[in-house]
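*Asks:* I have a structure here, written as structure tokens, and I will follow up with some questions on it.
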Amino acid sequence: MLSVLLFSFIPLLAAVIGAVIAAYYPPNATLRSYIQHLAAGVVFSVVAVELLPEITAKHEPIEVAIGFSFGVAAMLTVRRLAKAVKSRGSNNGLLIAVAIDVALDGLLIGISFSAGRSEDYY
């Protein structure tokens with residue numbers, strides 16, 4: 001349990017430091033885009049490294065295609081929802097999109113940890 005807390009402390013510390021820096025030096029749109037793409041790539045790589053070996057070992061491309069399709073549909077739905085909320089003059093669209101993103105990232109990272117942990121016992 002202590003190792004999980006220590007691993008969790010690293011991103012927490014990075015988020016706090018990043019928030020403090022961004023409060024004093026707000027990034028422009030280009031830098032925000034770069035940061036968002038980097039974060040998406042990191043999450044994707046973590047999930048790919050943990051889950052792809054198991055997926056390729058089972059040779060179930062239909063399930064992978066279905067999961068990928070649901071993921072794309074969810075992403076497009078979140079984008080549309082955020083734009084709809086923003087068009088009503090509210091800034092809550094970004095908050096909703098970030099909340100969903102954080103929940104999905106946590107779910108994917110949790111699945112990755114769980115898959116990695118179950119492999120250690122065999």
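The values are calculated or read from the model by the stated rules, or taken from the named source; none is laboratory data. Since the model is a prediction, treat every value here as computed from it, not as a measurement. Backbone-built Cβ (ideal geometry, glycine too); neighbour counts: all protein chains shown. Areas reflect the complete protein model, heavy atoms only, side chains present, ligands, DNA and RNA absent. Shrake-Rupley method; radii C 1.70, N 1.55, O 1.52, S 1.80 Å.
*Asks:* Being at pLDDT below 75 and part of a helix (DSSP H, G or I) is the filter here, so list the residues in segment 71-94 that pass it.
*Replies:* Result: 82, 86, 87, 92, 93, 94.
*Asks:* Among the residues of segment 14-39 satisfying the criterion of being open to solvent by 80 Å² or more (accessible area, probe 1.4 Å) and closer than 18 Å to residue 109 by Cα, which is modelled with the lowest pLDDT?
*Replies:* 36
*Asks:* Continuing with the same structure: For the structure I just gave you, tell me whether residue 8 is free of Cβ contacts under 8 Å to residues at least 24 places away in the same chain, open to solvent by less than 80 Å² (accessible area, probe 1.4 Å) and closer than 14 Å to residue 105 by Cα. Don't jump to the end; show me each part of the working.
*Replies:* Values: free of Cβ contacts under 8 Å to residues at least 24 places away in the same chain: yes; open to solvent by less than 80 Å² (accessible area, probe 1.4 Å): yes; closer than 14 Å to residue 105 by Cα: yes.
So residue 8 passes the test.
*Asks:* Taking the options 66, 35, name whichever one is more than 18 Å from the chain's Cα centre (by Cα), assigned to a helix (DSSP H, G or I) and not hydroxyl-bearing (Ser, Thr, Tyr).
*Replies:* From the options 66, 35, the qualifying one is 66.
*Asks:* Residue check: is residue 53 in a helix (DSSP H, G or I) and surrounded by 10 or more Cβ atoms within 10 Å (Cβ to Cβ)? Give the steps one after another, and end with the answer.
*Replies:* Values: in a helix (DSSP H, G or I): yes; surrounded by 10 or more Cβ atoms within 10 Å (Cβ to Cβ): yes.
The answer is yes for residue 53.
*Asks:* Now for a different question. Within segment 95-113, is even one residue closer than 21 Å to residue 37 by Cα, open to solvent by less than 70 Å² (accessible area, probe 1.4 Å), under 20 Å from the mean Cα position of the chain (by Cα) and at pLDDT below 70?
*Replies:* yes
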